[in-house]
Amino acid sequence: MNEKKTQLVEMVGEDAVVENPDLGDFLSLDPLLIPPLRPHFLVRPENVDEVQRIVLWANETRTPLVPVSSGPPHFRGDTFPTAPEAVIVDLSRMNRVLRVDRRNRLVLMEPGVTYGQLQSELQKYGLRVIMPLLPRRNKSVLAALLEREPPMSPRYHWNMLEPLRSLEIVWGNGDKLYSGSGIYRGETDEDWLEGRVPVWGPGPGQLDYYRLLSASQGTLGIATWASVKCEVLPQVRRLFLVPAPRLDDLLDFTYKLLRFRFGDELFIVNNTALAMILARRPEEVPTLRDVLPAWTVVVGITGGEFLPAERVQAQESDIRDIAQEFGLSLMPAVPGCRGGDLLKILLEPSAEPYWKIRYRGGMQEIFFLTPLERTPGFVATMLAAASEHQYPTPDVGIYLQPVHQGVGCHCEFILPFDPRNRAEVARARELFRDASVRLFHQKAYFSRPYGIWAPMVYNADAQATLALRKVKDIFDPNHVMNPGKLCF
Amino acid sequence: MPLEDFAGEADRCSQCSYCKWIPFDHIKSWRFAKNCPSIAYHNFNSYSARGRYAVTRSLLRGQIGYTDTLRRIIFTCLTCGSCDVSCKICRYNLEPLEMVRELKFRAVGDGQGLEAHRVVIESLNREQNTLSQPRARRGDWANGLDVPRLPKDKAEVVFHAGCRSSYDPQLQATARAAVTLLRNAGVNVGIMGERELCCGGRVYSMGYREEFARFAQANVNAWASAGVKMVVTSCADGYHAFKRLYPRLGLPVEVLHTVELLARLIEDGKLKFRSPVPMTVTYHDPCHLGRQGEPYVPWNGVEKKIFNQIIVYEPKRPRYNGAWGVYDPPRQVLRSIPGLELVEMERIQEYSWCCGAGGGVREAYPEFSLWTARERITEAQATGAEALVTACPWCERNFMDANDASGEPMPVYDIVDLVQKATL
Amino acid sequence: MPLPRHIYQALEDIVGPENISDDPAVLDSYRYSLAHTAIHVGPYYDTFTPRGLAVLLPGSTEEVQAIVRLCNKYGIKFKASSTFWSAQGYPSDDNTIQLDMRRMDRILEIDEKNMFAVIEPGVIGATLQAEAMKRGLNTHIPGSGCSCSPLASATSYFGSGPSNLFGGWYYDNLLGVEWVMPTGEIMRTGALGSGCGWFCGEGPGPSLRGIFRGFIGAKGALGVFTKCALKLFPWPGPEHLPVEGRPPAYRSPLPRELFRAYTLAFPSWKAWADAAYMIWDAGIGYLAHRQFNMFGRDLKFAMIKILTNPNGTLNDLEELLQDPEVQRVTEESMRDFQIVLAGMTPRDLEWQERALDEILARTGGWKVEAMNAPEIHDWVLVYLIRLGHKNLNLVYGGGYDGCFGLFGVPDFGTRRVEEAAAFKKEWEKKGAIVASGGDSMMGPIGGQGGGGTCLWENFTHFDPHDRDSVEGTREFFDACTEFALQKGWGVGMEKWNAAAVGPDGRMPPKEVRDQIHLSAPQPSIYRYQARIRRAFNPNNLGDAYYETLEEEE
């Protein structure tokens, strides 16, 4: 056994160490976009002390670490090593839901807790956590929140990190720190009775630790515990669809709903994306796509604990009036899709296989932030690029998710392809590269710069790069955390 | 109250900067939110009421001496009183307007008065007016008018024209119109003519307390000799002097502004309109008729504390927060003129923006004074009105001069002018 | 020691001669009295922040940058402030120039569709709100009121206020920022740095605004913020706030089918807490704050009667408190808070109203009827929406600061409020502070968007002109700190800036600062702040308002 393995085993136990792990399905990503470097080890710590020991060890031995919390497949490359001799720190064993508190609507969890696990646990307490659109069942909630995955419900999205609150962080230098009000561990009943609870996200002090850690792709530290704000589990739910032939027709309506904070789940999909969501089998996608409206706003309306039926009725009437104002209709169903059926799907993480790859087996995503009103321009660019690369434009799935209560919009293009077909893979790769650059030049904001987006973005923002490197030098002075990502 | 008596207020000033803005509740736009011309123009904190409290404190402690800058800080205060109104939205134990008056008295007393003001004082002493004009010509504005000249003739009501109206060729007609309107409505009003003395109000606000007191006494004596029971004036400055300052010296005066009397006469049916005046106008509230035109309430008391540290007064002190200024009568008059449409500016009544003429600023800092007037004209133009109308000859003169100096001009009227037009 | 002439000249060349001064009278109007609302420090009688070397009024980002570069060249500290209320914006040592950001007061843009505004530091909440309202939008306003700078509050301080609940607090609402860094480079955060606009303040990658704005901002000690974008929220009312009445009893007769203001009261603190939680669960409310209790439990209703009467003065207090009706309402509203409901549509408001009634039924709470009198109701609306009467914090005599804080979820505060009140009430008997009834606690119902926390700032009113009052207040605050530490509540608001400014109005010595930082629950946060300061402010041109703990290397 080599020295490193011995040391790792000493820290986490033999059954938690895998040498030369086979990561087959781990990464469903075009290897030519991100050159694969095989990790040397994969370790599965069980608690924060083990994590801390690993990080300190990594500093002593100058070993690159790549933290990951979610299960496979992974698509963005951030959880795959881009430095040799790396150790993957797999936090999936740290998967306890530690505490759910209905009164303060908080859940305390470890990084390995997945959406599949969490929502069913929260339901018992009459709670839910606002979710991204159909995350993988094994997607880590903490990782999704830290990476600023947009939730479906913009009205609760008070800032871009919501609903994430306090964290326990092991920084790249091995220090442990509680961000927000994480100093309140909430471990005893008395704590909760007395109100000593980790409800707060920012700080402490004048530095915003969890914000610095967000979207860092594991390059600054490892979050080992989190408090997350929950919403009340609705007693009444309806889902409506507002269709239109053109995206432009839907924007003002959506803006008005955002302004009034009406609706719960609120997003826009094109027919392809909606077909991909609804289809249980790959062959259903093209059929569904052909009958579904070209564009649809999905509007969830919920009633919570107080007069839920009245609430839903009032909102429904108001939203119906607003739709009419813009020549649109609020429908319980459209050809190909019943609101009730879609709702059932949306309330759960994605069924297997993951909805984005269900159609062709593989996919590439391009996503960025933009004001909603600019999305038609980006859609045109994407489709033009697809056309030029002979990529079938009807296959482009488009998902527009207003964020931060409507100030911005997550604009996502899903490009399915058959990963066994070399030509398709090459075409998808080239399209991905080309479209990313075009969109970037059109002022798409790649706020989460995975893979090739990182050099694109950082080369254009020198000050951010300099500042980030200073931050990196403070929290990970030996650069052990996921080297090669972002601008490091 | 000597300046030392404001040491407590200097410490108790909230430091909130409310004195730099109109009462926030009334802000309707970014453009017309400010209230204090001196800080709006100069920008340094010292040019606000809170800044002048700080300066007062430093002066009292001997931490600063007189410099050109300090003199500028003191004498660019227009004593418009807008800071006072804004402060008193929340504070009940600060008197910023009184403080700055006292600061001026102290500066003058310390020999730090301005040359431009000394010229005015000399004129006052020599010719009994503030405009360096010959006393003998003071009554010329009324030549040919059939009006009793006191004290030779008798009248219980005297129309006090004031220095500006008496000598300003463009404004004399308004004074003539005022007297004519009143007499035609049956008011037995006379004038002092060349015997009229300056009210002293302007030099009071420049910091010359003794000169003011002398003229106040002289005026009161003259009216007593002439059997006058009531003073009517079209000059807001004079109005304020008679109504608010004279009684403080123990010289109570029964006074009305012309617009107040006109409003009564219209309501009583004694003034009738014959012709429409088809015009859209906006009305500028003169500081000394509006927020400083509140009734005088005598008070002589002391400060005391209740509930340990709440500062109150024994007896209860009048607030003078602009709540009861003369705002309605001018508007009633305007609204009763047939064909006339009144539109309001954003800053009106107790939170009106000053015309820039007061406090000795017009005399000493003409550029700043005209800038202030220009600001007001811009605000008036933003209403879409065709003309700016007001009720004070000093406001009118400053607006007219600002019209000439820069920017797009706007016609300026006195209320009396429009009333006269409507009676023709 | 005055600013050397050649440096003064160089600064004058940047801003122009009319925008710089070192005249003593001007400099003294930029000194803050610590016998006052210094904010979370002192009070200290007859103590002032030091005179700056000069005061400058920059007019643009370029001017600010040039000034900062010059300061780096000559090793001069600089302190920028927008509205100068509290000691935080002023120099805390001799070698400092004061930047007054007043001239940079433009609202650069209001993006109506995407609901944000781009502003300069001299913009105040009132003018931003007035302009936003014309477009059917509203801005969050910090608890200190609309006379303050939203940019300063969002980038450099705290930013909590009555509209946290629905509008989000400034932490939630801060988007792109233009930052003149302490060394003079300009950083534009988020989408702005990528040339994509103001709408997103995060990233790319890690959110770099985390460098200068944590739970609280850098308080002027880490460069100068010259522009920022702030998220707005909907305003369903008319384009201009309708206001009538004589000062100070202004009223806003907003349409009742869209706006209602209530004072809610509860039979117990548990019920109060329950109601707060339920209001957040229900997602109702436009503004929610325990506001008027700042006058003191015993005095608040009498004060409201005075404030809503154009002829009222503080002299009326004693007589009003004899009135049985005033006594009854005072007693009734002991455990209270204010809430404004605003409906985006009449249906929306009706549902909110019914949900509120349901919450009151479940908690045993009620709407205080006396506060529904039209002249009071409409005054409350304009007060809470425009928040332009915050000088009332100092109404009694000009001095106030807050103690305790009890910051946390409602259960935290409600379990301790009576103790905090009783402690203060005892001290009120000594005479140094206003006898307002012990409980003068004010704070938001919802410290952030969507609710979750409360703050209980126990207002302590004193006379800054009275040495005994000032020193007695400080003794009281020292006692509060000791009491709270004994109780495990943590150091209260009365000492939050104790590491920034000391009894002489200047930065305290290192030993004092270190002691404070080492006794914090996580001293490491100050060590990290020290490293941030070394990385971003290597010439150390800020003061101790950015708190650092230097470790031995």
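No lab work stands behind these numbers, since they all come straight from the coordinates. Since the model is a prediction, treat every value here as computed from it, not as a measurement. When we count neighbours, we look across all protein chains shown, and the Cβ atoms used for this are built from the backbone with ideal geometry, even at glycine.
Between the C-alpha center of the stretch C:238-266 and that of the stretch A:1-21 there is a gap of 69 Å. Here is the P(r) of the stretch B:269-335: all C-alpha pair distances, binned every 10 Å from 0, give 16, 28, 25, 15, 9, 6, 0 in whole percents. Using a cutoff of 8 angstrom between alpha carbon atoms and counting only pairs six or more residues apart, the relative contact order for chain C works out to 17 percent. For chain A, taking Cα atoms only, Rg and Dmax work out to 22.3, 72 Å respectively. Taking the Cα centre of the protein assembly as shown as reference, the dipole from Cβ charges on Lys and Arg (+1) and Asp and Glu (-1) amounts to some 1500 debye.
3J(HN,Hα) along the stretch C:205-212, derived from phi through the Karplus expression 6.51 cos²θ - 1.76 cosθ + 1.60 where θ = phi - 60°, amounts to x, x, 7, 6, 5, x, 5, 10 Hz, with x in place of Gly and Pro. Classify the stretch B:238-287 from the C-alpha gyration tensor, please: rounded if a/c falls under 1.5, else prolate or oblate depending on whether a/b exceeds b/c. It comes out oblate by the Cα gyration axes.
Put simply, the Cα atoms of the stretch A:259-356 extend 41, 32, 20 Å along their principal axes, the longest span coming first.
Rg then Dmax, both in Å and based on the Cα atoms of the stretch A:270-320: 15.5, 43. Peptide C:340-352 has a mean of 4 when you count, residue by residue, the C-beta atoms of other protein chains within 10 Å of its C-beta.
Suppose we look only past 21 Å in the calculated P(r) of the stretch A:204-287. What percent of the Cα-Cα pairs does that tail hold? Show your work: numbers first, answer last.
Numbers: 2146 of 3486 pairs.
Percentage above 21 Å: 62.
Neighbouring Cβ atoms from other chains, within 10 Å of the Cβ of residues in C:54-67, number 1 on average. Between the stretch C:153-230 and the stretch B:370-424, the alpha-carbon centres lie 45 Å apart.
So for the stretch B:160-259, considering every pair of alpha-carbon atoms, how many percent are separated by more than 19 Å? Can you show the working numbers first?
Values: 1908 of 4950 pairs.
The proportion of pairs with Cα distances above 19 Å equals 39 percent.
Residues whose amide H comes within less than 5 Å of that of A:Leu127, counting only those at least five positions distant or on another chain, are A:Leu233 (H built at 1.01 Å from N in the peptide plane). Straight-distance candidates among the lysines for linking to A:Lys472, with alpha-carbon spacing under 20 Å and chain neighbours fewer than 8 residues away dropped: A:Lys176, A:Lys485. In order along the stretch C:507-515, the Karplus-derived 3J(HN,Hα) couplings, from 6.51 cos²θ - 1.76 cosθ + 1.60 at θ = phi - 60°, round to 3, x, x, 4, 4, 5, 5, 4, 4 Hz, and Gly and Pro are given as x. Based on Cβ point charges of +1 for Lys and Arg and -1 for Asp and Glu, what charge dipole magnitude is obtained for the stretch B:1-114 about its Cα centre, in debye rounded to the nearest 20? The dipole magnitude comes to about 440 debye.
Shape class of the stretch C:477-539 from the Cα gyration tensor (axes a ≥ b ≥ c, square roots of the eigenvalues): oblate, since a/c reaches 1.5 or more and a/b does not exceed b/c.
Packing, taken as the mean count of other beta carbons within 10 Å per residue, orders the peptides B:337-350, C:429-442, A:260-273 from highest to lowest as A:260-273, C:429-442, B:337-350.
Taking amide hydrogens as placed 1.01 Å from N in the peptide plane, the amide H of C:Arg213 sits under 5 Å from those of A:Asp208, each at least 5 positions away in sequence or on another chain. Size descriptors for the stretch A:393-488 (Cα atoms only): Rg and Dmax, in that order, 16.4, 48 Å.
Rounded to two decimals, the Cα radius of gyration of chain B over 2.2 N^0.38 Å is 0.95. With the radius of gyration and the Kirkwood radius both derived from the Cα set of the stretch B:43-92, what is their ratio Rg to Rh? Ratio of gyration radius to Kirkwood radius: 1.01. Each 5 Å bin from zero holds the following percent of Cα-Cα pairs in the stretch C:402-553: 2, 9, 15, 18, 16, 15, 13, 8, 3, 1, 0.
Checking a compactness column here: for the protein assembly as shown, what do you get for Rg(Cα) / (2.2 N^0.38 Å), N being the number of residues?
Working: Rg = 34.8 Å, N = 1465, 2.2 N^0.38 = 35.1 Å.
Here the Cα radius of gyration is 0.99 times the empirical estimate.
Under a model in which nothing but the beta-carbon of Lys, Arg (+1) and Asp, Glu (-1) is charged, the stretch A:225-357 shows a dipole of about 160 debye around its Cα centre. Given the stretch A:179-232, what whole percent of its Cα pairs are spread farther than 18 Å? Result for the distance tail: 40 percent. Here, the stretch B:101-201 yields an orientationally averaged convex hull projection of 7.6 nm² when only Cα atoms define the hull.
Trypsin sites (Lys or Arg not before Pro), restricted to the stretch B:235-275: which are DSSP loop and have at most 11 other Cβ atoms within 10 Å?
Working: sites: B:Lys243, B:Arg244, B:Arg248, B:Arg264, B:Lys270, B:Lys272, B:Arg274; in loops: B:Lys270, B:Lys272, B:Arg274.
In loop regions of the stretch B:235-275 (DSSP not H, G, I, E or B), the sparsely surrounded trypsin sites (Lys or Arg not before Pro) are B:Lys272, B:Arg274.
Between the listed residues B:Ala263, B:Ser352, B:Asn308, the Cα displaced farthest toward the positive end of the dipole of chain B, a dipole computed from Cβ unit charges relative to the Cα centre, is found at B:Asn308.
Under the rule a/c < 1.5 gives rounded, and otherwise a/b versus b/c splits prolate from oblate, where does the stretch B:355-424 land using the Cα gyration tensor? Oblate is the answer for the stretch B:355-424, as a/c is 1.5 or above yet b/c matches or exceeds a/b. List the pair-distance distribution P(r) of the stretch B:196-305, using every Cα-Cα distance, as the percent of pairs falling in each 5 Å bin from 0 up to the bin containing the longest distance, rounded to whole percents. P(r) for the stretch B:196-305, in whole percents per bin: 2, 10, 17, 20, 17, 12, 9, 6, 4, 1, 1, 0.
In order along the stretch A:463-471, the phi-based Karplus estimate (6.51 cos²θ - 1.76 cosθ + 1.60, θ = phi - 60°) of 3J(HN,Hα) comes to 5, 4, 4, 4, 5, 4, 5, 5, 5 Hz; Gly and Pro are listed as x. The mean number of partner chain beta-carbon atoms within 10 angstrom of a residue's beta-carbon across peptide A:444-454 is 4.
Residues whose amide H lies under 5 Å from that of A:Leu134, counting only those 5 or more places away or on a different chain, are absent; hydrogens are built 1.01 Å from N in the peptide plane. Straight-distance candidates among the lysines for linking to C:Lys429, with alpha-carbon spacing under 27 Å and chain neighbours fewer than 8 residues away dropped: B:Lys304, B:Lys305, B:Lys316, C:Lys300, C:Lys305, C:Lys390, C:Lys487, C:Lys495.
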